[in-house]
Every structure is written in structure tokens, then in C-alpha cells.
Amino acid sequence: MVNFEINDCHKKTIKEICESFGNRRSELINILHRSQEHFGFLPEPVQLEIALNLNMPLAKIYGVVSFYSFFTMTPKGKHPISVCMGTACYVRGAEKIVEALEKELKIKVGQVTEDGKFSLDCLRCIGACGLAPVMMVGDVVHGRLEPEMIKDIISKYE
Amino acid sequence: MTKIKSLDDLRQKKQQLEQNMEIREKSDHPESLVQIKVAMATCGIASGARTVMNALVEKIKKENIAAVVTQTGCMGYCYAEPTVEVKKPGQDPVVFSYVDVKKAEEIVDKYIRNNELLDGILPANYQTI
Amino acid sequence: METVKLTIDNKHVEVPKGTTILQAAHQAGINIPSLCYMNLPHLAQEHKPGSCRVCVVEIPGRKNLVPACATPCTDGLVVLSHSLRAINARRTVVELLLSDHPKDCLICPSSGNCELQKLSITMGIREINSVENAAMSTYRKDASPALMRNMDKCVMCRSCETVCNEIQTVGALSAVNRGFMAVVAPAFEQDLTDSPCTFCGQCVAVCPTGALTAVDNTFHVIRALADPNKFVVVQTAPAVRAALGEEFGYQPGTSVTGKMAAALRALGFDKVFDTDFAADLTIMEEGAELLDRISRHLNGDKNVRLPILTSCCPAWVNFFETNYPDMLDVPSTARSPQQMFGSIAKTYMAQKLGVKREDMVVVSVMPCLAKKFECQRDEFKVDGNPDVDYAITTRELAHLIKIGNIDFKSLKDEDFDRPMGESTGAGLIFGVTGGVIEAATRTAYELFTGKKLEKVDFHELRGMEGIRTATVNFDGTYIHIGIAHTLGNARKLLDGIRKGMYNFHAIEIMACPGGCIGGGGQPLHRGNSIVLKARMDAIYKEDFNKPIRKSHENPEIIQLYEEFLGKPLSEKSHHLLHTHYFSHPKQ
Amino acid sequence: MYKMQLLVCGGTGCRASASATIVEKLNESLKAHGLTEDAQVVTTGCFGFCEKGPIVKVIPDNTFYTQVRPEDAEEIVAEHILKGRKVARLLYENPETQEHVSDSRHMGFYQKQMRIALRNCGVIDPENIDEYIAREGYSALAQVISDLTPEQAIDMVKQSGLRGRGGAGFPTGLKWEITSKFSSDQKYVVCNADEGDPGAFMDRSILEGDPNTIIEAMAICGYCIGASKGLVYIRAEYPLAIKRLQIAINQAREYGLLGDKILGTNFSFDMELRYGAGAFVCGEETALIASMEGKRGEPRFKPPFPAEDGYLHKPTNVNNVETFANVPVIFLKGPEWFSSIGTEKSKGTKVFALAGKINNVGLIEVPMGITLREIIYEIGGGIKNGKKFKAVQTGGPSGGCLTEKHLDTAIDFDSLVAAGSMMGSGGMIVMDEDDCMVSIAKFYLEFIVEESCGKCTPCRVGNKRMLEILEKICQGKGNMEDLDHLRNLAYVIKDTSLCGLGQTSPNPILSTLENFNDEYIAHVKDKRCYAKQCKALARYTIIPEVCTGCTVCARNCPVEAITGERRQPHFINQDICIHCGVCYTKCKFNAILVQ
């Protein structure tokens, strides 16, 4: 679990986010999206703060956070890498790309490199099937990958 | 933006906006339209092909003719530039030579409208990509 | 009423529109097994997630099997509850549940009481078809002072989630994660002690397996009894005697007070006392506090906090400490009967018996899990020695009696030891919702008006409605009373007070449905409201037959004040019988 | 007025290959050549031909440039726009004749397509509502709310025979009618844009290429069922679609095409977006509604159906993106026109995302009733690298695999179900001889296990158990009993799961068991994977004639299974070999044979 010190400024931000959705529980997912956009992840104190603002059980919030794969309670790397695991990419060798990345970064899927530069995840189809297999580094899509290309691509990111 | 307040408003709006889309609509079914190609290689441009093309576009719009004007590369008649090829639906293409603004209008009025041939027709013996 | 006709297994059934196949089958005497379905009619709560898929039945012509618990009957419906297709599917589903369930039935706290075990027995499952070393969904174990979570045994029926959120509005539990690892847990899968859990134990009461169980202290008790250096006294809460018999085959509603006392003595307790005595003591203190506040209020004192709230239910105390930290000065400061008993036993009684505090072990038999939590609170310890050493549940007591090979049914009735064994009808009715406030009213009326109360039974304070209100005429002064049972109703009442909707002088709150008779430590009634009603009737009947029915008339209470405490709200009383509350805002 | 237009694909696929930079460069070049008055660059939605992206199409001569790079922009402008000479090297090349095809209409990929739902994708600028209006946009809405009663409008949808494009194919008109019959102070129109099938991206392409059509259709639906509020539940992973839809909503509001009293009638309608958060099960309508209410996206038992008890317990009509995209056309061209397309019970067209081992990966829209053969060989251009076709997977994790024998089946909702698959949202993944069907089934099951919500027992535990059996089989540890258990589990899960996701989750297994039983048996009995995908079953041997004795394999073998003298052929001890494949990748002489 990641330590995250929450301060008054954070609390104010969360309050504003919740208020912008009228403090409605039905807007919880939108609120979590906005909070994750702001904090990069959803650590325990952030969820607690949302629970207080929406006046709902923290357990229920965690129930939602832990249900959806888009929400994360650990921070991502500076350059989050997501490998598309859609069927098109799969049959064109996405698994080999993941293996190559794991080897190059020395982490497993779902982890962050020690220096915090990269995190590795898999995601569902991003719809660039014509470029399969593809991965995203940050917002940039790299397509028509071969395992040998991984080292080069990674080395371009600081 | 002003609000569209009624069905009529919407129809008017559509008509205003159609022109810009027309070129894309027409490209869907060019074989049913008169296809006009203006040779626009260096020699053509040098002899005023661009002015001719503009004139053709204007004229067609004014006369409300179902035609599409495109440009094409050198047809190989550099001596006779600017040249314009006209292909009417179901007919063989015809190439006109030494076209200027006045002749362009004639092509529309006489050949396209009334199928009258003009002077300066060249044999169409080239292939395009 | 509009009805529909259908056929289940070739039997014609006519049922009201809206009836489910499961209910209709039940009516026709056809047993369709189910697991996740839970009906709590007394709480108007029907939990039918339709998710365990054990109750699937075949409807010829439909593409898939349907869950009987959630599918409404329609006219002309043909249901095959035990077609081979349904039997195979049901068995496969149970096998799947078992494949992700520890097979330690031999030492499982729920062994014998487990719905999954029953299904396995009924279906005659002898092996589970899955690959060797099939993955199990396992989770961190959590042992709080009152209840234990071993979610490896969770079948995701989510009854506990419904009870915790819908009925109790505690919100400690929620479904978390998804897929194979989905489970019910507090936020971040943290311990219950870090969650807003009140330890009311209602989740334990509805858990069909050994996933949620009560902390078991029976072995501690046996050890204490076996230790020749320990003087072990026991107290039994009012609701226990109305339900203990069920564990020995008695009809619900059979009061077994005398046999219980005999059994405890047979087990080797040095003294067998009654919590009812302490309940009378509670009335003395709480009643005095109530009268004090009301008198001051009537005299125009603006600083008086009214209404006064009862404080004998430990889950309720946990609840307001967590949810209403701004209202900590509203509840009565009187300790609960369990703690008053412990405090007096280890002072007054220990002195009387010539037993040193550290040599005395106080065991309480409670219908409740939160009592296990309450007795280990720091404020109820003297130099680390708790006033009450072990709280065990009604179920644990039954177990102890069985361990001791005591033939419960053939026991002769015996009485409690004295003093601290005498009690009144008022102390007894603490076990049902409305009972505490009725007991307080009986005493407060006479103390306030100085007149004798002719009509002791306050029927207007009794019943099973979640929130009840009544006004009692104290000789011209009208006292407004509110009563709530279940924490969800408590929340409604309190929120109403905050909004200024109510104008009460006194409010009684019990966390469990029906009061202590429906506690999380009682024999499992699985939502059968007839059982609750029978227990309630048993308590009122015993009260009716008691020679003394007002707490202040209890001769041993009078003696206690004369010999030891002085008078209610005295300094000694404050020290031994009152407490203060802590703010624990937890989400 | 522009004489020429350059349409640049701005879909996610092409943007991933820098199509936005291409737009910039084209504009720069036009400026440099003084052609800004003559030619206009327009960013459009997806052309569908993603395999060859980024696409730049020049209008009016329909020149279709493929795989354009930003540095090609100058050449296109200088040569084509200025001088009229097409840039030959960027044209599509017919794979059979190696001839350049300049006009997209003559490309095999487009010839058999019929674009209704995608009619505006690749034609208009999705961020400009004017272009939509110019293509008869909002005319259908105007016609419906001015001239028709809700009953009449619903009747037209019913007559058209339109069925829901999201999966099971429920008749859309009927669904609207049912929702319209429930009275309530508030009703909702929901657009399901939580496209989650791995390998399907038609909904995203429509939202990115023609967002206004969804707004228009939802408003029409709102009028029909009596709802004044629309919600689009859209995947958060689709930032571009979200952006364009929001722009379109804003523009429609400014024009008064959304809001109070639309076009002077008494009909009011507005809409907002709700974001998904990565849960496949939220494609199921009750789970989607739970998610929109801010809860865990768990499905619930039906009845009651959302038509009666939906979002916030109000009557709610849920349709998916592609279904809505068909609606305006039905009113513009008439239900008879629409129902003249397709098969007897499946009318209109279907969009498929064609992917996998096929030459022309992309988004296609074809009339119902087309055969798989036409799709794969004529539109798709056949199997990549001349390999042999093995199967095509339709319907994503809920669908099944179809084989050679299904190639000439006319595709519609019912024929696919009869063949053991389903339409699903329209993913179509082509597999060749190198694909192991057991592994494919395992792939889908892994997906299902990851995406199961965990609510009901069969899906939560059953799919996990099936996956374990498949893993065992792929490791060569399976036995014939496992296949029986697998089959029984698959039937029971299908029979007893709570929601559509669970009920269809065994389809990939059942259809591969049915069509590729011999492959399962090969894995179980012979311990062989003939497609060489299951590493544990691969047998590595050294071809003595090719081996040079360089010792690289022996030095890299992690378990020292390879022995041999320097400059002598080496040998792999099969008892020690752990099938890791290191020798195979390290050998520079192709001396390792994998069987």
C-alpha cells in the first residue's frame, strides 16, 4: 500500500470535485474519474474524503474502486505502458511483446519500475487493430511491434 | 451560432451548407456526372490553366450543371496548353486545346449543354493513373 | 387478491400474483434448495440476489434454467424443479461452490449449522470435479474481539452486506473486488475494528457458512472453571433464557430459566447470578438520570439535553460513537447491565465473599456479540483487569452444556444465587424491544408522581414495528417516548431528531431486530419471525408472573444501595456504574 | 469555394500513426503553394481501412492514399493538388495484380460494402455539425417531431425490421414500444457505448466519425418513448470519442437541436455523458444501469426489465451505438428501403471489425446475408502471408469459432447462433493454420475470468475452473475425463448463469470443442500442439545436417539439456528439456526444429 499524506489543499480539491457533481452518490464513478485524473491514483485517504463528502460508507466506495479495472490505488510510472490485449493483437503476438517488456523493464504486469519511470499494464482493445500488436506509452501509440523493437522504444523515454 | 427554430430553418440551413459538401457527394458517383479535367502540369499552369479551372468551376455552379471539375497531370499536349478533357456520361472523352476563360464558357454552353463540338479537339490517347 | 395458477412437478398450485416459484413450491410442499435467498419478513427485507444459482429450476421451452427465488409465477407456468437437467445443474453449482471452499468442516465453527454443508449432504456429494490444486480465493483472516471473518468460506450470498447496509445502515461491509476474488469485506479489506462495525453480529446471524462467526470463548471458560484458584461467577442476560431451550429441542418461546441456572451450577460455576438484577440497577441509575433531566427541563434549564437515550445496548453505543460524535452527551451515562454487574461483582460481591479481585472471574452469558467487544473496553478495566472477563453467547452456553454432558431436559429447576440473583419483571423485559423504556417508566412514574402505578403493563410500548412512539401520562405531565430497534431505524429516529421532527423526552434503542431476543448470539433463527415473536411472548409472560415487577422494589437492589452505593447518582455510583463516551468517527 | 478537398482520417488507428501531423503538414504545404483558396483539408472519421492507415483521400477524384507519413504531405500537395499528378507510390496496390488502384471505389475492400451506419464516417468532419446538417443531418428528427406521432414513428422502426446491434438482436421498434407503454414522470434513453469486446471498435469509430447521428437518433427515441433525457455510457478508454461527442452535443445545443422545445415543437430533449471505468460486464444493460448509478457494475435478474425499472428505477430504453446510427436513415429513406436490405429476419447492414490474420484489417459494413467467404476473401483480401484459413471468431468472448464449412453461410443474427456463435457486437477475428484453437479458447476464457463480476456462482467459479482445465490441457497434463468435465461445466454455466455474459461465456469453448475436437484430443492424448502455440507441448530437436556445432544453444539452455562437441551436431535430451524455446531463438542457423 502506498503512503499518501492528505492535506487541506487535497481535501479542498476533493470537496470541489464532489460539489461539481452535486454531491450525488449516483455520480460516484464520475467523481472517482476526476479524482484519479487529479491525483494520478486513488489512495485510501482520497477515498475516505470522498466518502465523507458524499456521506456514504467507505466500504461501498472501495467496493466500486476495486470493481473497475480503470481505477488504481497505486501510482503509475512516469510513462505508463499499456499493451493492448485485444484479440487482434493477441493473435498477432501481443504476449511476446509483454514478455519483451517484462524482460526489458524487469517488472511484471501491474508493477512499476524501481525508478518510477515505467509501469506496465495490459488493457483491452484500443481499436488500433490495423496496427496490431500495439502498445501505448503515455498517450502515444506504438504499432506493428516486434519484440526486438521494445528496447529501442523504451530507450527513447527519459 | 444562431438557433434553428423550425423545420424550415433547418431546410434553409441545409441548403446553405450543402455547397461545401457537394464536392464530396458528387465524388461518390462521378460516372453519372460530366467529368471535366484540367491539365495542370507546369506547362498548363504556365499557360493559365488555373484561371481556366476557376472559370469552369464558377460557370458550372452558375449554370447548375451536374459536373465535377478535377485537375490532372500533363496530357502530353504541351504545345496546346491549357487543355481540358470533358467526359459526358456514356460518351468518350473529348479534349479541347488552347482553352482560355472565354473558350471555357463556350465549352460549357455549347458542348456540355448542347453537345455541339468546338474547334481544337485533340485525340484522347493517353493513360492516366 | 389476484391469483395465478401454475404446475410445479405436476402439482397444481394457485398463488397470489407476484409470488415467486420458490414460495409457491414451498406452499405445495416441494423443497427446492436455496442458499443466497434470505427473507426477513419482520424487517420487510427480502434478499433475493438470484446469484448462487442453487435454486435453478427448469421451465420447459425456456432457453436457460431460472432461479426459483427470483422468478415470479405466471399463469399456466410449468415448472420442473427436479428434472435431471436441473438436478445436474444444481449439483454442479454446489460442486463449484465447494471447489472454492475450505474442506475443514471438522473444525469449522459453523459445522452442523452450515447451509452449504447441508446442501452437500442432501446432494450426496462425494467428490468435487476440478483440477488438482484448483485455485482457491483466499483472504486475510480477521479476528476482532467479537466476531471473526474467514472469507475463504464466503459463498457470496451477500446476506451480510444487505443486513449491514440496508437494515443496520452501518456500512462496514461491501462487496469488493470482482470475479473469482470478489468477496464481502470492509473498505480496503481492513480489520473490522478499523471499520465502522458495531459488532451487532447480525451478519453472523445470517451468514449461511463459517465465513462470519462469533469469537468462541468456551474454552477460556472451561479453563477458568478448571482452575482451583479462580472463583468463577456467571451472569445470564434476560433474553438468553427465552431462547436457550431451542438448542435442546424445546419449542421456541419456552422459557428455561430454572434449568439454565441448574446447568450453570452443574458446570461448576461458583456463583450463578442474574444480569436481570443488574438491569434493575440500571433502571435505578438511568431512571434517576431521566427524572433529573426532565425535572431540570421542566424547571426551565436550557442546558439539559433531551431526549435521553438508553445506553445498555453496546452495538448502539458503538454506533453513536461512530456516527453521531456530536451527540455524545445525549445518551444516558449509565453503564449496561453486563458492566454494572461486573463492576459490582468485583467490588461489593468480592468483598462480601472475601475473594480477591484478581481471583474472581466474571463470565456473562449474552444473546449478543457486541458484549464481547464491550467487556474488553479499557474504561471497564481496573488496572488492566476487566470487570467482565468473558462474554459468551447463548449458543456458546448451549455448547458448554453439551460439552459437560449435562442432560439439560431432565434438569430440575434451580434458582439463582443471592444476592445479585433476585430480579424483577422490569429487569427481565430488558430482553425485548421497548422493555428498557417500559421498565424505566414503571419506576420513573412512581418516583416522579409519588403515586403507586396501578397498571404495570404498558402495551403501547410493545410490538415489533421498527419505530414506535408513545406518550405516557405522569399524572398530568406528558412524557413522550420513542422506541427503535435495528440501527437503521435508530438512524432514522436520530436524523429525525436532528431535523427537529420529534420532541421526545426519552428514547430506547436496541440494535438487533426485536431487541436482545434477536441478538447475534442467539440460536440462529434464519429470519423466522415466528421464533422472534415466541421469544418475546415468553419474556412478557414471565414478567407477568413475577411477584415484583418494578426495579425499585427489588429488595436486593435496595440492600445494595443501603450497604454500598448510597443512592442513585451518588459519587460511588458515578464511579462504578456510569461511563463516558468516545468519538470514533469512522466511515 | 474549394475545388478540392483532402480528407484525412482522424480515427484512433490513424491518429496513432500521426495523422494529426499529416493534417498540419498538408495545411503548411497548401499555404506555401498558395492553394489555401483552392483546397481544404478536412479531418474525418474512420475510413475503415485501418490496415493501410493513415489514409488521405483526395476529393473529387477519389484518390485514396494509404500509409501516408507526414513527410509525404508536401509531395501530395506539390504533385497532386498543384499539378494534378497522383503520387503513385502512395496508392493502394492490388495484392493480386500488383496494380495501383487510385479510386477507392475500385478497391476490393470497399466493393462489397454498403455503408448505412458508417455513412458519414470518412466523409464529414465530425467536429463540425454543419457538415452533418448538409448531409441531411437532423432532418429525420425534424420530420419525426413535426409530422409524426410517437406511435407512427415507432411503427416505422418496427416496419424497418431493425434489430439491436449490440448482441442478441432484439427488435428495436418493439423495445421502444414496450418502454413507451410504461408511464412515468421521467424516462431515459441510454446509449450503450461501452464497447468492450476485445477486437471490436465499430462503436468507437461511429462516435468518432459521426457523433451527431447518435444524438439525433437518441432524440428520436426520446420522442418515441416519452423521454426528455438521454445518457451515453461511454468507455473512459475512448478519449477521442468522448471529446467529439461532447463537441457535437455542445454544437447541437447551440443550434437548439438539443434542449427545450426543439425546432419550435413541444418536444424537449437533452443528454449527458457517463463514463465507464473498465468493466466488460457493463455492456449488459442492467449492469450498465447499475454503473451509471455509481454502483458496482453488477447485472441483476430480469424481470423487471429496464423498460419498466431502469436507471434510477425509471423506465429506460437501452440501445447500442450502431443500432442508433441506423435510426435516422430509416426515417430519411423509409422503412421499406431499409427492410429491402438484408435477409428475411435480419434487415439492413452490420458493421464488423475485421482483424487477425487477414490482409485488410479494418472496419467494414456489409449487408446482412453476405457470406463469410465474401468478407474474408473479397473484402479482407484473404489470409495474410498466403497461409491457410482455419477459423473466424465472431461475437467476441460471447461468440464462437466458425470454420471452413461455415464459409458460405449467409450471415445474420440467426444463422450465426445456429452455427454456435453469435453476432455479438461484431468483432471478427480471422485465424490461420498457426493458431491453436485450444489456446484461443483459453485466451477468451482468461478474458472472461478477468471480467466476470463475481456475482453468480457459475460464472465466478465455473469459468475459473474451465480455465484451469484448459491450462492443464495446454501443459500436456490433460486427460479425456477433463474434456468431459469441461463439456459439462460449459453446459451448466450456459444454463445457469445470471446474465448474458455468463450465459454466453462458454461459447468459445463449446464451439471449439465442436469444430476442433481433434485438436483437443491431440493436446490430451498425443500431447501435441500442431499449431506450435503451446510451448509445453512443443518438441525441440536439432537437425544434425544443419547444426554447425557452434555451441550457442548448449550454452544458453537453462537446464543443460543440450549436449554435443564443438563443431559437431548437438543433441537435445527430451527428458530434461523444459520447452522454453531459448535454443530456437538463439540458433543462427535455423537448425532447431519445433514440432
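Figure legend: label point modelled 7 angstrom from the Cα of C:Thr477 along Cα→Cβ; residues of region C:426-458 with amide N under 17 Å from it are C:440-453.
Computing FRET efficiency as 1/(1 + (r/R0)^6) for A:Met149 and D:Glu75, where r is the C-beta to C-beta distance and R0 is 30 Å, gives about 0.65.
In terms of overall dimensions, region D:96-184 has a Cα radius of gyration and Dmax of 18.6, 63 angstrom.
Gain on full extension, evaluated as 0.36 nm per residue between D:Arg89 and D:Leu312 minus their Cα-Cα distance, stands at 74.6 nm.
Taking every alpha-carbon pair under 8 Å whose residues sit at least 6 apart, region C:1-61 reaches a relative contact order of 21 percent. For peptide D:419-428, the mean count of partner chain Cβ atoms within 10 Å of a residue's Cβ comes to 1.
In order along region D:241-251, phi translates into HN-Hα couplings of 4, 4, 4, 5, 5, 5, 4, 4, 4, 4, 5 Hz, rounded to whole numbers, per the Karplus curve 6.51 cos²θ - 1.76 cosθ + 1.60 with θ = phi - 60° and x for Gly and Pro.
Just grab the label-to-label distance for C:Cys105 and A:Lys108, each label 7 Å out from Cα along the Cβ direction, in nm (one decimal). Reported label-point gap for C:Cys105 and A:Lys108 is 3.5 nm. Relative to the Cα centre, the charge distribution of region D:437-526, modelled as +1 at Lys and Arg Cβ and -1 at Asp and Glu Cβ, gives a dipole magnitude of about 300 debye.
When the Cα convex hull of chain D is projected onto planes of every orientation, the mean area is 30.0 nm². Computed from phi, the 3J(HN,Hα) profile of region D:323-334 under the Karplus parametrisation 6.51, -1.76, 1.60 (θ = phi - 60°) reads 4, 4, 4, 7, 4, x, 5, 4, 7, 6, 9, x Hz, with x in place of Gly and Pro. Between region C:53-106 and region C:363-378, the C-alpha centres lie 41 angstrom from each other. If R0 equals 30 Å, the separation of the Cβ atoms of D:Glu560 and D:Glu404 corresponds to a calculated FRET efficiency of about 0.10. Report the residues of region C:24-43 in range of a label on C:Met123: point 7 Å along Cα→C-beta, backbone N strictly under 17 Å from it. It comes to C:31-37, nothing else.
Straightening the chain between B:Gln12 and B:Glu105 buys 30.5 nm, computed as 0.36 nm per residue apart minus the Cα-Cα spacing. Here region D:354-463 is treated as a Stokes sphere of Kirkwood radius computed over C-alpha pairs; at 10 °C and 1.306 mPa s its diffusion coefficient rounds to 109 µm²/s. Only the Cβ atoms of Lys and Arg (+1) and of Asp and Glu (-1) were treated as charged; on that basis the dipole of chain D about its Cα centre amounts to roughly 1260 debye. For D:Gln40, the residues 5 or more places off, or on other chains, whose built amide H falls under 5 Å of its own are D:Met4, D:Gln5, D:Leu6.
Note on region D:437-526: Cα Rg divided by 2.2 N^0.38 Å, N the number of residues, gives 0.99. Averaged over the residues of peptide D:493-501, the number of Cβ atoms from other protein chains lying within 10 Å of each residue's Cβ is 5.
Here each label is just a point 7 Å from Cα along the line to Cβ, and for D:Ser146 and C:Lys412 those points are 10.2 nm apart.
The 3J(HN,Hα) values that the Karplus relation (6.51, -1.76, 1.60; θ = phi - 60°) gives for region D:161-167 are, in residue order, x, 4, 10, x, 8, x, x Hz. Gly and Pro appear as x. Less than 5 angstrom separates the built amide H of C:Gly521 from those of C:Cys368, C:Leu369, all sequence-distant by 5 or more or on a different chain. Positive-end ranking of C:Met366, C:Tyr390, C:Gly434 along the dipole of region C:360-451, with charges on Cβ about the Cα centre, is headed by C:Gly434.
Secondary-structure-derived ellipticity at 222 nm for chain D, considering helices only, amounts to -9500 deg cm²/dmol, per-run term -39500 (n - 2.57) for DSSP H runs with n ≥ 4.
Relative contact order for chain C using alpha-carbon pairs under 8 Å, separation at least 6, rounded to a whole percent?
Relative CO of chain C lands at 17 percent.
Taken as Cα centroids, region D:1-22 and region A:4-78 sit 38 Å apart, rounded to the nearest whole angstrom. For region C:3-99, what mean projected area does the convex hull of the alpha carbons give, in nm²? Taking the Cα atoms of region C:3-99, their convex hull projects to 6.4 nm² on average. Modelled spin labels at C:Lys352 and C:Lys141, positioned 7 Å past Cα toward Cβ, are 4.1 nm from each other.
Computed over region D:129-335, the alpha-carbon pair-distance distribution with 5 angstrom bins reads 1, 8, 17, 22, 22, 17, 9, 3, 0, each value a whole percent. Applying 1/(1 + (r/R0)^6) with r as the Cβ-Cβ distance of C:Asp383 and C:His26 and R0 = 56 angstrom yields a FRET efficiency of 0.50.
For region A:8-65, what is one quarter of the convex hull surface built on the Cα atoms, given in nm²?
3.3 nm²
Using Cβ point charges alone (K and R +1, D and E -1), the dipole size of the protein assembly as shown about the Cα centre works out to roughly 1100 debye. Computed over the protein assembly as shown, the quotient of the alpha carbon radius of gyration and 2.2 N^0.38 Å is 1.12.
Amide H to amide H, with H built 1.01 Å from N, C:Met360 comes under 5 Å of C:Phe231, counting only residues 5 or more places away or on other chains. For D:Glu433 and D:Ile247, the difference between the fully extended length at 0.36 nm per residue and the C-alpha to C-alpha distance is 62.4 nm. For chain A, the relative contact order works out to 20 percent when only alpha carbon pairs closer than 8 Å and six or more residues apart are counted. DSSP bridge analysis restricted to chain D gives an antiparallel fraction near 55%, rounded to the nearest 5.
Since every read-out is calculated from the coordinates, none of them should be taken as a lab result. Everything numeric here is computed off the predicted structure, so don't read it as measured data. Methodologically, a virtual Cβ is constructed for each residue, glycine included, from the backbone with ideal geometry; neighbour enumeration extends over all protein chains shown.
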